[in-house]
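Here you go, one structure.
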Amino acid sequence: MKTGKNFKIWGMTFGVIGDLIMGLPMLTYYEKKYPQSYKYWVIEKKCAKAAPLFFNHPLIDKIHITRNWAVSQGFIEEDKVIASACDEQVICEGWTHTPKDWYNYRSCVEETARVAGITDLTEILSEEEMKPKLFKWFNEGLPQSVSTYAKDAPEDTISCSPNIAIWPFAGTHGRSPSPHWWGVLIDQLLKRGYSVHHFGLPSDPVLSVLPGYKTFPELSYFEQVKASLASQLVIGTDSGAQWVMGAYSHPAINLMTNWLPNHTQNLLALEPINDNGVTFFESGGCDKIPVGKVLKNILDRVPL
């Protein structure tokens, strides 16, 4: 049998950015199963913007971005040739969940592995190894116009403090607090002297007109992540961005509700894993989360 880098593994996980983060523990799983193996980390083209997050991961040998927009469209011949040359192929094109209400019984990390065909993840990995982890290789902050050849300005970013970063909306309806809820919290922070940096999509609604609130529609996803990591605290829902923050163990507040159908138990199944995170959960909608409780947590953790 091939050993070491001669043993090649294709895949791990595909899907949106949150799915990629949830799939990171699979790298450790296969490293334990096939020590020092060569691992392809395959990213769907639609998520190529997130590729830089994985550049410095010690268990990823090569990042491969699919030629088609999504795996659901199938792999082109070039992808198939690379995959067929690998000794182990992790393919999860169908994303079949059994049972459909898996979230009542399992965590996102375990379920992501299961749809890829791994049923013994929790038996092989320790509790610590089940936590997704990313590794910084970049400067943090907002980008500034500095030439890479400028000897007197080696840093290519600026930091802004004290500031709170927010990723206020996720893609699924009912998953995030309303613009009104966010507006109340943001204005309370701004009136106390904090700045609030709003990250996400250019189509996100404006949440405040007070000084100190700023959006960054011109920044790429990766630049927004870097800027968020320069903040004192990030607030968001159970979105891909919050999973990214958790993988970096960046101080965060997760705002959660049971938005999936018939989600009645194991209510924190979707919680972004973060050693420095705090979660506020209310059944029936994020707007039921008391703004005052969230505000107090921010004031305690990020004093002016």
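Yes or no: E223 assigned to a helix (DSSP H, G or I) and either more than 25 Å from L268 (Cβ to Cβ) or within 15 Å of the chain's Cα centre (by Cα) (or both)?
Values: assigned to a helix (DSSP H, G or I): yes; either more than 25 Å from L268 (Cβ to Cβ) or within 15 Å of the chain's Cα centre (by Cα) (or both): yes.
The answer is yes for E223.
Listed here are the residues, each with its yes/no results for (1) among the aromatic types (F, W, Y); (2) out of contact with any Ser or Thr (no Cβ under 7 Å at 6 or more places or on another chain); (3) modelled with pLDDT under 95.
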position: P35; (1), (2), (3): no, yes, no
position: Y38; (1), (2), (3): yes, yes, no
position: K45; (1), (2), (3): no, no, yes
position: A51; (1), (2), (3): no, yes, no
position: N56; (1), (2), (3): no, yes, yes
position: I65; (1), (2), (3): no, yes, yes
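Here is a yes/no grid of residues against (1) over 19 Å from the mean Cα position of the chain (by Cα); (2) open to solvent by less than 30 Å² (accessible area, probe 1.4 Å); (3) closer than 22 Å to D187 by Cα:
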residue: S208; (1), (2), (3): yes, yes, yes
residue: L219; (1), (2), (3): no, yes, no
residue: I235; (1), (2), (3): no, yes, yes
residue: G246; (1), (2), (3): no, yes, no
residue: P261; (1), (2), (3): yes, no, no
residue: Q265; (1), (2), (3): yes, no, no
residue: E271; (1), (2), (3): no, no, no
residue: N274; (1), (2), (3): no, yes, no
residue: G285; (1), (2), (3): yes, yes, yes
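So, one more: Surrounded by 14 or more Cβ atoms within 10 Å (Cβ to Cβ) and not in a helix (DSSP H, G or I): does that describe N56?
no
If you don't mind, another one. I'd like to verify a number: residues in the range 19-28 that are open to solvent by 10 Å² or more (accessible area, probe 1.4 Å) and more than 19 Å from A83 (Cβ to Cβ), how many?
Within the range 19-28, residues that are open to solvent by 10 Å² or more (accessible area, probe 1.4 Å) and more than 19 Å from A83 (Cβ to Cβ) number 2.
Between G193, G174, which is on the phi > 0 side of the Ramachandran plot, modelled with pLDDT of 95 or more, open to solvent by 30 Å² or more (accessible area, probe 1.4 Å) and in a loop (DSSP other than H, G, I, E, B)?
Answer to the selection: G193.
Quick one: which of N6, N104 is at pLDDT 95 or above, surrounded by 14 or more Cβ atoms within 10 Å (Cβ to Cβ) and among the polar types (S, T, N, Q)?
None of the others qualify; the one that does is N104.
Please go through the range 156-171 and give me each residue that is of a type in the set (G, A, S) and part of a loop (DSSP other than H, G, I, E, B), ordered by number. Spell out how you get there, then give the answer.
In the first step, residues of the range 156-171 are kept if they are of a type in the set (G, A, S); the result is 159, 161, 165, 170-171.
Residues satisfying the conditions are S159, S161, A170, G171.
Among residues belonging to the range 137-163 that are closer than 24 Å to K214 by Cβ and surrounded by fewer than 13 Cβ atoms within 10 Å (Cβ to Cβ), point out the one that is modelled with the lowest pLDDT.
Restricting attention to the range 137-163, the residues satisfying the condition of being closer than 24 Å to K214 by Cβ are 138-146, 153, 155-163.
Next cut, surrounded by fewer than 13 Cβ atoms within 10 Å (Cβ to Cβ) only: 144-145, 153, 155, 161.
On the way: Q144: 78, S145: 64, A153: 53, E155: 61, S161: 68.
The extreme case among them is A153.
If H198 meets every condition in (1) open to solvent by 20 Å² or more (accessible area, probe 1.4 Å); (2) modelled with pLDDT of 95 or more; (3) within 20 Å of the chain's Cα centre (by Cα) apart from one, which number is that one?
(1)
Working only within the range 31-48, note down all residues that are assigned to a helix (DSSP H, G or I) and open to solvent by 10 Å² or more (accessible area, probe 1.4 Å).
E31, K32, K33, K45, K46, A48, listed by residue number.
Same structure, new question: Just the residues that are part of a loop (DSSP other than H, G, I, E, B), open to solvent by 50 Å² or more (accessible area, probe 1.4 Å) and of a type outside the set (S, T, Y), please, taken from the range 116-130.
Those that are part of a loop (DSSP other than H, G, I, E, B), open to solvent by 50 Å² or more (accessible area, probe 1.4 Å) and of a type outside the set (S, T, Y): G117, E127, E128, E129.
The values are calculated or read from the model by the stated rules, or taken from the named source; none is laboratory data. Model, not experiment: these values are computed from the prediction. Methodologically, a virtual Cβ is constructed for each residue, glycine included, from the backbone with ideal geometry; neighbour enumeration extends over all protein chains shown. To get the accessible areas, we keep the full protein, side chains included, count just its heavy atoms, and leave off ligands, DNA and RNA. Shrake-Rupley method; radii C 1.70, N 1.55, O 1.52, S 1.80 Å.
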